[in-house]
1. Being within 18 Å of residue 292 (Cα to Cα) and modelled with pLDDT of 80 or more is the filter here, so list the residues in the stretch 44-77 that pass it.
2. Inspect the stretch 229-237 for any residue being crowded, with 16+ Cβ neighbours inside 10 Å, in contact with a strand residue (DSSP E or B) (Cβ under 8 Å, 6 or more places away or on another chain) and either modelled with pLDDT of 95 or more or not in a helix (DSSP H, G or I) (or both) and give the result as yes or no.
3. Quick one: which residue in 348, 297, 293 is touching a residue at least 60 places away in the same chain (Cβ under 8 Å), under 18 Å from the mean Cα position of the chain (by Cα) and surrounded by fewer than 18 Cβ atoms within 10 Å (Cβ to Cβ)?
4. Residue 154 passes all but one of (1) within 30 Å of residue 259 (Cβ to Cβ); (2) free of Cβ contacts under 8 Å to residues at least 24 places away in the same chain; which number fails?
5. Name the residues in the stretch 85-104 that are crowded, with 16+ Cβ neighbours inside 10 Å and under 26 Å from the mean Cα position of the chain (by Cα), would you?
6. So which of 284, 314, 303 ends up being farther than 16 Å from residue 220 by Cβ and within 21 Å of the chain's Cα centre (by Cα)?
7. If residue 356 meets every condition in (1) under 19 Å from the mean Cα position of the chain (by Cα); (2) at pLDDT 95 or above; (3) part of a loop (DSSP other than H, G, I, E, B) apart from one, which number is that one?
8. Are any residues in the stretch 351-366 surrounded by fewer than 22 Cβ atoms within 10 Å (Cβ to Cβ) and either outside the structural domain of residue 177 (by TED's automatic domain parsing) or on the phi < 0 side of the Ramachandran plot (or both), and if so, which ones?
């Protein structure tokens, strides 16, 4: 019923949103002689805030149409090179003619989180790596758009997908997992080693991931441990309503997770919207546009399948299966000690309030057979969770270290 109430709310507000859009058009029309008066700008700002806070946000675009390689502009085209019902790989192909005189660059698969937001949240991650790498990214599908007939998708399926992706891209690929996928990527690499898979990746970089949430537990970790899997099954799961393609699929809705994240920092979000209102009244278009850009991305959310969400909560946050040596894939134990050929880098943020300091670094202790020369860790001062993979510190301090790490391990 939760999803039905959510859809009913959107339907009830729709006429008011339509009226708001018409009013904004009239109030801000260049031929309106009162458009620049304080009264009209205040009214327009108030209507704008209403419109943006009640809108249904769709999937954003990456919008990366060009990069710079060796000081020269190079056109970029998005191409789907691998696809399954719940995910596809997007290749940011740089124009071959413009790259013909550039030495071959390393292949990088960025594994985006399946945790409520779209892969476009990593736009800055992709943008920083494009001049130096052949970049691919996992583009996870919104579960409410996957027909019920396509079957289920759980943590085991996620690991299978990662293994299949490595087979598709070849043994010369590097993996970069941001936040949530650190666990399934780590498990996939371990499983590949255990099976003597010839396609094990050259390296894996785990960034802000919950490898061992017993280290520096955050509020998110504590809530999961205290409530247990049963609480989440009873209170946050629901069924996709008609007319979505995923009708009857059981999911953890993106809007529920978004509500939880916003509640954690409600004062900050309220202040941001008040400032947005003030910027529009004052005519500060640049600041207002930055607000819109951030929230257009932040408020765009997707659903996860119930089985994947519950299994992740249970294995990663409640049972701590991976660091305890109890994690399995398709009934077979996952053995991190089997990893001997894939170099490991971990990255953490000093102020990360989602994955605390030490949670990602814990991967090093599990890889007991991996030579120390193939292990690297970096803790970035002054950044939180988002700053680990986006923003100025990512561009200037973290990304160069990740690229240097991959270069050191460019060959087996």
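The values are calculated or read from the model by the stated rules, or taken from the named source; none is laboratory data. Computed from a predicted structure; not experimentally measured. Don't worry about glycine lacking a Cβ; one is built from the backbone with ideal geometry, like all the others, and counts go over all protein chains shown.
1. Step one: filter the stretch 44-77 for residues within 18 Å of residue 292 (Cα to Cα), giving 44-63.
Those that are within 18 Å of residue 292 (Cα to Cα) and modelled with pLDDT of 80 or more: 59, 60, 61, 62, 63.
2. The answer is yes; a qualifying residue exists.
3. Details: 348 fails: surrounded by fewer than 18 Cβ atoms within 10 Å (Cβ to Cβ); 293 fails: touching a residue at least 60 places away in the same chain (Cβ under 8 Å).
Just a single option satisfies the conditions, and that option is 297.
4. Every condition holds for residue 154 apart from (2).
5. 86, 87, 88, 89, 90, 91, 92, 93, 94
6. Values: 284 fails: within 21 Å of the chain's Cα centre (by Cα); 314 fails: farther than 16 Å from residue 220 by Cβ.
So the residue among 284, 314, 303 that is farther than 16 Å from residue 220 by Cβ and within 21 Å of the chain's Cα centre (by Cα) is 303.
7. Here residue 356 meets the rest and fails (2).
8. First, pick out the residues of the stretch 351-366 that are surrounded by fewer than 22 Cβ atoms within 10 Å (Cβ to Cβ): 351, 353, 357-358, 361-362, 364-366.
The answer is 351, 353, 357, 361, 362, 364, 365, 366.
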